Amino acid sequence: MAAQTPEILKVEPPSWWIGSSLNPVRVLIRGRNLRGALAQAVGSGFRIVGAPKINESGSYMFVDLAILPNARPGEQTLKISSQSGSAEAHWEILPRLNRSESFQGFSSADVMYLVMIDRFSDGDQTNNDPPRSRGLYDRQNKYYYHGGDLQGVIDRLPYLKDLGVTALWLTPWYDNYDRLNEIELKEGKPCTGFHGYNPQDFYSVEEHFGDLQKLQELVSAAHKIGIKIIQDEVVNHTGPYHPWVDDLPTPTWFNGTKQKHLANVFQTWTLHDPRPVALKKETMEGWFLDFLPDLNQNDREVSQYLIQNTLWWIGVTGTDGIRMDTWQYVPNTFWHQWTTAIKREYPKFTVVGEVKDGDVVHTSYFQGGKVRDDADSGLDSLLDFPIFYSIRHAFAEGKSLDEMPKTLAKDYLYTNPNNLVTLLGGHDDGRFMSEKGATIAGLKLANAFVLTTRGVPQLYYGDEIGMTGADEPTTRADFPGGFPGDKRNAFTKQGRTREEQEAFEFVRTMAHFHTELLPLQRGELVNLYVSGQQYAYARKAPTGVVVIAINNDSKPAKIEFDVTPAGLANGDRLIDRLAAGKEVRVESGKVSVLLSPRSAALFVRR
Ligand SMILES: [Ca+2]
Ligand SMILES: [Ca+2]
Ligand SMILES: [Ca+2]
């Protein structure tokens with residue numbers, strides 16, 4: 001008899017708000033012996049609507065839970081009972097959301113900075129080898145946890161503020177599996193989920209990083225000094241050890257099962273092909289790397305679960321934006337519902353999607369504002385990988401600089417190119433400084449470009465000091481000085497080498513220009529001069545104009561160009577903010593600029 005008694009193991013979401021745009025909320029209860037059971041809301045302010053839905057094995061129950069208008073915030077009890085007994089779980093009614101200083105959205109006014117939590121700064125050594133998941137910490141092993149955490153990020157907020165960062169993108173903080181990954185072998189050996197992209201629990205914080213309270217503390221500390229927080233989310237798949245994999249909440253929870261599924265064939269061109277084509281199904285529904293269970297967003301329970309999960313994280317933490325992983329492998333019909341639900345509750349909130357591709361024809365297909373594949377995705381922004389590759393070619397490899405305006409010329413394909421997130425480095429690619437031909441001078445020019453062209457500039461942690469790392473995971477190396485026992489601390493000037501300091505100082509200067517000079521945030525991009533290794537352009541706004549000239553050549557260059565398209569007139573005097581005191585004057589509608597080898601100039605009106 002006792003064996004039949006219902007048990008509750010997990011309730012998702014564990015809480016919801018009074019006054020939410022989503023009500024009732026659909027609660028997923030994981031437990032045992034749930035078949036034939038009923039759910040009951042004990043206490044005031046909330047009630048169960050309709051009959052529960054329970055899976056075949058009695059391990060999952062879905063119930064709609066309505067929060068009443070007169071509800072009061074606080075702990076409540078959710079009771080599950082059957083003829084064999086009952087079980088109870090806590091469930092919390094949260095106060096109406098306080099919207100001040102939260103859910104702000106990011107924009108081209110920001111300077112974004114990507115941190116891989118595990119590799120940035122270890123602020124709490126007590127969580128390095130947590131009892132729940134012993135043995136996954138080893139700083140000598142590049143596939144293990146290295147101790148970086150949320151406290152470490154809090155500790156470095158002043159560094160980021162000084163650098164000029166206004167929005168911080170953190171790699172996923174979901175709880176990842178508590179064990180070694182023996183399915184995905186790296187160099188023949190098991191690895192860990194230190195990167196955060198293999199969730200085992202979508203409603204918890206990874207214990208190596210901290211907990212929900214620490215995360216809330218981080219968001220609030222960042223907001224206090226004018227830094228927004230961007231959450232990295234995954235809805236295409238779960239980690240290989242998520243409890244759902246062996247026990248499905250619904251028969252169609254995943255595309256396929258652990259035993260029988262398609263593998264992702266990554267034929268992403270099929271996604272924008274207007275004709276029906278083979279391999280599209282494998283690309284959309286195949287399991288990533290053949291072992292990451294592919295969530296089926298066409299199952300209404302799955303889509304509801306994922307939408308609520310996103311609304312919950314935003315609400316409980318106060319974040320300002322989302323970077324969404326593996327965007328293209330999830331149907332647009334789902335994205336439409338997902339982005340609509342976000343904007344309904346958090347109107348200013350913004351989302352950037354990862355579509356890893358160098359072809360604008362492909363990436364632009366995924367931006368919102370147009371119906372594609374039966375729906376408008378509603379996606380605000382994309383990581384601008386076409387620009388990323390062009391930057392690497394031009395500024396690292398030293399190929400022709402006109403690749404920059406040539407890539408930007410394809411902007412007409414996007415519904416909104418000004419929202420794109422421009423980058424010169426990220427955690428899935430080798431670092432800029434490990435490209436063939438890369439130099440500190442080239443890195444500086446790449447930063448000068450990213451921080452002055454259209455879009456939302458994004459920096460990758462450690463690129464500001466020229467960190468190296470040719471591939472994944474060496475591109476995810478520990479920030480020097482962020483970890484106990486580090487020989488030097490590159491978070492401080494004294495701890496940086498001369499080259500690192502040179503790069504840091506330049507990136508810092510450019511990041512602050514981006515905040516100080518409003519045309520760099522919202523101004524129209526106007527091309528003024530293009531040649532093989534020189535490129536000049538303006539950012540033109542009602543508030544003023546900024547002219548940028550870049551010489552990517554190893555020789556000095558003298559260029560003369562018409563500045564009337566930038567709204568400048570004869571007699572205007574321009575000073576180069578990157579070279580104190582250097583001035584040029586507009587004559588016959590033109591300026592003549594002498595640029596040192598591999599250098600940039602940034603002109604504003606005197
Ligand atoms: Ca730690
Ligand atoms: Ca974990
Ligand atoms: Ca998929």
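The values are calculated or read from the model by the stated rules, or taken from the named source; none is laboratory data. Small disclaimer: the values here were computed from a predicted structure and weren't measured. Ideal geometry is used to build each Cβ from the backbone, glycine not excepted, and the neighbour counts take in all protein chains shown. All accessible areas refer to the heavy atoms of the entire protein, side chains included, with ligands and DNA or RNA removed. Shrake-Rupley method; radii C 1.70, N 1.55, O 1.52, S 1.80 Å.
Some observations on this one:
- The number of residues in region 123-182 being away from ligand 1 (no atom under 16 Å from the Cβ) and of a type in the set (V, I, T) comes to 2.
- Residues considered: K228, K214, K224, K258. Of these, the only one that is touching a strand residue (DSSP E or B) at 6+ places or on another chain (Cβ under 7 Å) and open to solvent by 10 Å² or more (accessible area, probe 1.4 Å) is K228.
- Residue list for region 393-429, restricted to those being without any contact (Cβ under 8 Å) to a residue 60 or more places away in the chain, open to solvent by 10 Å² or more (accessible area, probe 1.4 Å), of a type outside the set (S, T, N, Q) and in a helix (DSSP H, G or I): H393, E403, K406, A409, K410, D411, Y412, L413, P417
- Long-range neighbours under 7 Å by Cβ, at least six apart or interchain, first residue over 9 Å from V330 (Cα atoms) and open to solvent by 10 Å² or more (accessible area, probe 1.4 Å) within region 291-304, second more than 16 Å from ligand 1 (Cβ to nearest atom) and of a type in the set (D, E, K, R): F291/E184; Q304/R26
- Across region 145-179, the number of residues qualifying as within 16 Å of G239 (Cα to Cα) and either more than 12 Å from ligand 2 (Cβ to nearest atom) or open to solvent by less than 10 Å² (accessible area, probe 1.4 Å) (or both) comes to 7.
- Any chance V219 is within 30 Å of Q337 (Cα to Cα), open to solvent by less than 20 Å² (accessible area, probe 1.4 Å), assigned to a helix (DSSP H, G or I) and at pLDDT 95 or above: yes
- Of everything listed in (1) away from ligand 3 (no atom under 16 Å from the Cβ); (2) over 30 Å from P69 (Cβ atoms); (3) of a type in the set (S, T, Y), the single unmet condition for Y197 is (1).
- From E207, E184, residue being away from ligand 3 (no atom under 16 Å from the Cβ), surrounded by fewer than 20 Cβ atoms within 10 Å (Cβ to Cβ) and part of a strand (DSSP E or B): E184
- In region 460-495, of all residues being among the basic types (K, R) and more than 17 Å from V153 (Cβ to Cβ), the one that is least open to solvent (accessible area, probe 1.4 Å) corresponds to R488.
- Scope region 187-204; condition hydrophobic (A, V, I, L, M, F, W, C) and in a strand (DSSP E or B); matching residues: C191, F202
- Identity of the residue in region 468-517, under 24 Å from the mean Cα position of the chain (by Cα) and β-branched (V, I, T), that ends up farthest from Y144 (Cα to Cα): T515
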